[in-house]
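The values are calculated or read from the model by the stated rules, or taken from the named source; none is laboratory data. If you're wondering where the values come from, they're calculated on a predicted model, not measured in any experiment. We place every Cβ from the backbone using ideal geometry, glycine too, and count neighbours over all the protein chains shown. Quick note on the areas: whole protein, heavy atoms, side chains included, nothing else; ligands and nucleic acids left out. Shrake-Rupley method; radii C 1.70, N 1.55, O 1.52, S 1.80 Å.
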Amino acid sequence: MAKAMFEPIYKEIFPFWNEISEKDREFICENSSALTYPKGTHIHDGNECLGVILVRSGSLRIYIMSENGKDITLYRLHAGDMCMLSASCVLQSITFDVFIDAEEDSECFVIAGSAFADVSERNHIIKIFSLETVVSRFSDVMWVMQQILFMSMDKRLAIFLYDESSRLKSDTIILTHEQIAKYVGSAREVVSRMLKYFSNEGIVEISRKGIKIIDREKLKKLAL
């Protein structure tokens, strides 16, 4: 039953799948779970090796948190994306804690960390895949740090709105100012002031329904 549910998906996303033994493939499937996380669920706080998370639907936010409670979004995961940072027992060189929240009602496949680690020890091709996956994500993390350290707030906000609009294929972004502040690493008050400035410049329109982009070219120029 487990193999019938998980293997068709794993065969598509794991390039190593056909190169490991049938026994290891069955072991991974048997140690996989299909889980549903309601919106707002705190999934991971870095204190345990949860495992490899595959997002089937919905959206997850991966972030780090300072001692005084300030958090910075590293990246977000959507349908088809995978998180390896939640499997610290697989990659022991990861020594910092990451936190994961469900932004929307999300359906995920989770491969138990201990099981994935066991199979990785027997198959170096899996370890290489895990490292490559983490390295590719660190490029996203470095992009976030570059924005926070070196870019002005108006440019950071413009980049976020433009990218989010492109991802959603919609000019309307249904997010609160608080949510956007978390994504761009700023305070809600700062985001609200900047959105008001964008509104006065005729770039966006703000309402209770969200933020509507009304001059995409102006927004794009700010983001460049």
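The table for this structure:
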item	result
Filtered residues of the stretch 173-198 (kept if surrounded by 14 or more Cβ atoms within 10 Å (Cβ to Cβ) and in contact with a strand residue (DSSP E or B) (Cβ under 7 Å, 6 or more places away or on another chain))	173, 175, 182, 183, 185, 195, 198
Positions within the stretch 41-63 being among the small types (Gly, Ala, Ser), open to solvent by 10 Å² or more (accessible area, probe 1.4 Å) and either closer than 11 Å to residue 103 by Cβ or not in a strand (DSSP E or B) (or both), in sequence order	46, 58
Residues located in the stretch 169-188, provided they are within 16 Å of residue 220 (Cα to Cα) and either within 17 Å of the chain's Cα centre (by Cα) or of a type in the set (Asp, Glu) (or both)	171
Neighbours by Cβ (under 6 Å, 6+ apart or cross-chain): first from the stretch 50-70, closer than 18 Å to residue 81 by Cβ; second outside any strand (DSSP E or B) and of a type in the set (D, E, K, R)	55/81; 58/104; 58/105; 59/103; 59/104; 61/103
Qualifying residue in the stretch 98-117 (condition: closer than 19 Å to residue 15 by Cβ, touching a residue at least 12 places away in the same chain (Cβ under 8 Å) and open to solvent by 60 Å² or more (accessible area, probe 1.4 Å))	no
Where residue 89 falls short, out of the listed (1) open to solvent by 10 Å² or more (accessible area, probe 1.4 Å); (2) among the hydrophobic types (A, V, I, L, M, F, W, C); (3) out of contact with any Ser or Thr (no Cβ under 7 Å at 6 or more places or on another chain)	(3)
Within the stretch 118-140, considering residues that are among the basic types (Lys, Arg) and open to solvent by less than 70 Å² (accessible area, probe 1.4 Å), the one nearest to residue 49 (Cα to Cα)	127
Whichever residue in the stretch 205-224 is of a type in the set (A, V, I, L, M, F, W, C) and closer than 17 Å to residue 178 by Cα and, among such residues, is most open to solvent (accessible area, probe 1.4 Å)	206
Test for residue 36: is it of a type in the set (Ser, Thr, Tyr) and either open to solvent by 60 Å² or more (accessible area, probe 1.4 Å) or not in a strand (DSSP E or B) (or both)	yes
Given (1) crowded, with 16+ Cβ neighbours inside 10 Å; (2) under 13 Å from residue 106 (Cβ atoms); (3) touching a helix residue (DSSP H, G or I) at 6+ places or on another chain (Cβ under 8 Å), number of the condition residue 28 does not satisfy	(2)
